[in-house]
Amino acid sequence: MGSSLTERDKKVIWHPYSPQKYAPEPIPVVKGHGSWIFDENGRRYLDAISSWWVTIHGHAHPYIAGKIYRQALELEQVIFAGFTHAPAVNLAEKLLGILPGNFSKIFYSDNGSTAVEVAIKMATQFWWNKGEKKRNRILAFNHSYHGDTFGAMSVSERGLFTLAFHDRLFEVNFVDPPRIGVKQDISSLLEQCVCVIYEPLLQGAGGMNVYDAKALDEFIALCRSHGVICIADEVMTGFGRTGKMFASENCVNKPDIICLSKGLTGGTMAMGVTACSKLIHDAFVTDDKKKTFFHGHSFTANPLSCAAALASLDLFKIENTFQHIGRIVRSHESFAARLAGYRNIKNIRQCGTIIAFEIPDEVSGYTSSIRDVITASGLENGVYLRPLGNTVYLMPPYCMSEEEMERVYEVVLEICTK
Ligand SMILES: Cc1ncc(COP(=O)(O)O)c(C=O)c1O
């Protein structure tokens, strides 16, 4: 008998966000279907967090799989500097048709962090190309999370994830996410700002903090009045998560740049998108070669990823996805009311298809050991949960049925209210 997959894995693989000394053994997965993940021992788990927030139509969706397969037989990859292809152009046209704001160009990359890197570089070079030197500050929100590469870490909260790198991150000014009636005196700072980056309505990895759309709207208006480029990081909130296709739809004032990934391909293929307005792009239309945007990744606009993203957008229509989103939003609302009856459940909040709450612990935040206990108990009960420390949240794929949702709620109540 050969070694098990888990034993072989242990010898050769370093998993993300996993302590190397005491991390629980990874579950050997063999199959996904709809809201379910199946392991090699015949056990199955409801994926209550959409596999790190990416799976929106369900696992191994045959429609998306078919489109990827057919695309793979035609063109699997081609250099995207100097070449183009129909999947990339079709997807760009489709995205520009639905994005909230006046976007004129789509820049492709590979993941959420690269979408953010591109956005920050674009905004920075916009001013450099214009010869504007007095703007040298970047603004971001306390508790924000924008990814794990150096630029993305720099604009994220200085916390546990970034601890080892603080000396190497570029300086950023952090302010609290806006709140109605709370004025922050930042006008002189804004005059020096290249850009502001924000996760609209909901800060994800920073603790599932929901904040007000109206306050954000006023904040964007203020930034704009000082000429600051507004970057909406919709890597998590995009594609229906907050109840609308994009969270920025909740604001009158739209961003100049928007970052997408995760649900973009229905959660099937790695892909990032950074869309920008004409104003931004115009600063790069010049005879001066030094003003070129020197950024690109080997797999930029990978045709398989484009085909997957197009298929995912089709599914929103074919499967009436927004009806399912509405159903999940309503069932979370009822669940919030049920949760409110338990004294050890605190700070219940909901943003569209995402519901979160805290279980008080001596150590709050990411290092709380509540997380491991809940993940383990959830798995024993056939539900995959991955709290952010003592913050428990649900972010299901939109295909999760009423019965499956109810099963998730029951398990959460069972293990979180003890
Ligand atoms: C708002 C936001 N931006 C960026 C990222 C980084 O995306 P990726 O993990 O694909 O690099 C994430 C990941 O969770 C995110 O939530």
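The values are calculated or read from the model by the stated rules, or taken from the named source; none is laboratory data. As the structure is a computational prediction, the values presented were derived from the model and not from experiment. Glycine gets a Cβ as well: all are built from the backbone with ideal geometry, and neighbour counts include every protein chain shown.
Considering the conditions (1) under 14 Å from N302 (Cβ atoms); (2) exposed (fewer than 15 other Cβ atoms within 10 Å of the Cβ), R43 is excluded by exactly one of them, (1). Just so you know, in the range 251-284 the residues that are more than 18 Å from K94 (Cα to Cα) and of a type in the set (S, T, N, Q) include one that is farthest from the ligand (Cβ to nearest atom), and it is N253. Could you say whether any residue in the range 87-109 is away from the ligand (no atom under 16 Å from the Cβ), more than 20 Å from the chain's Cα centre (by Cα), within 30 Å of H332 (Cα to Cα) and surrounded by 12 or more Cβ atoms within 10 Å (Cβ to Cβ)? Scanning the range 87-109, I find no residue that is away from the ligand (no atom under 16 Å from the Cβ), more than 20 Å from the chain's Cα centre (by Cα), within 30 Å of H332 (Cα to Cα) and surrounded by 12 or more Cβ atoms within 10 Å (Cβ to Cβ), so the answer is no.
Residues that are surrounded by fewer than 24 Cβ atoms within 10 Å (Cβ to Cβ) and without any contact (Cβ under 8 Å) to a residue 60 or more places away in the chain occur in the range 253-268; there is at least one.
For beta carbons closer than 8 Å, sequence separation of 6+ or different chains, a first residue in the range 135-151 that is within 7 Å of the ligand (Cβ to nearest atom) and a second that is modelled with pLDDT of 95 or more and among the acidic types (D, E), the qualifying pairs are Y145/E157; Y145/E199; H146/E199; H146/D233; G147/E117.
Return a yes/no flag: does the range 209-216 have any residue that is surrounded by 22 or more Cβ atoms within 10 Å (Cβ to Cβ) and either within 16 Å of the ligand (Cβ to nearest atom) or modelled with pLDDT of 95 or more (or both). Don't jump to the end; show me each part of the working.
Keep residues of the range 209-216 that are surrounded by 22 or more Cβ atoms within 10 Å (Cβ to Cβ), which gives 211, 216.
Filter once more, so that each one left must be either within 16 Å of the ligand (Cβ to nearest atom) or modelled with pLDDT of 95 or more (or both): 211, 216.
So far as the range 209-216 goes, yes, one or more of its residues are surrounded by 22 or more Cβ atoms within 10 Å (Cβ to Cβ) and either within 16 Å of the ligand (Cβ to nearest atom) or modelled with pLDDT of 95 or more (or both).
Against the condition at pLDDT 95 or above, closer than 30 Å to Q71 by Cβ and within 19 Å of the chain's Cα centre (by Cα), how does I318 come out, does it pass? The answer is no for I318.
Go through the range 1-29 and report how many residues are small (G, A, S) and at pLDDT 95 or above. Write out each step before concluding.
To start, the set of residues in the range 1-29 that are small (G, A, S) comprises 2-4, 18, 23.
Narrowing further to those that are at pLDDT 95 or above: none.
Total satisfying the criteria: 0.
Please go through the range 303-330 and pick out each residue that is in contact (Cβ under 8 Å) with a residue 60 or more places away in the chain, under 27 Å from R349 (Cβ atoms) and not β-branched (V, I, T). Selection gives F316, F322, H324, G326, R327.
Exactly one residue out of C230, C193 is more than 22 Å from V329 (Cα to Cα) and either more than 16 Å from the ligand (Cβ to nearest atom) or in contact (Cβ under 8 Å) with a residue 60 or more places away in the chain (or both), and it is C193. Does T124 count as β-branched (V, I, T) and within 16 Å of the ligand (Cβ to nearest atom)? When the stated conditions are applied, T124 does not pass them.
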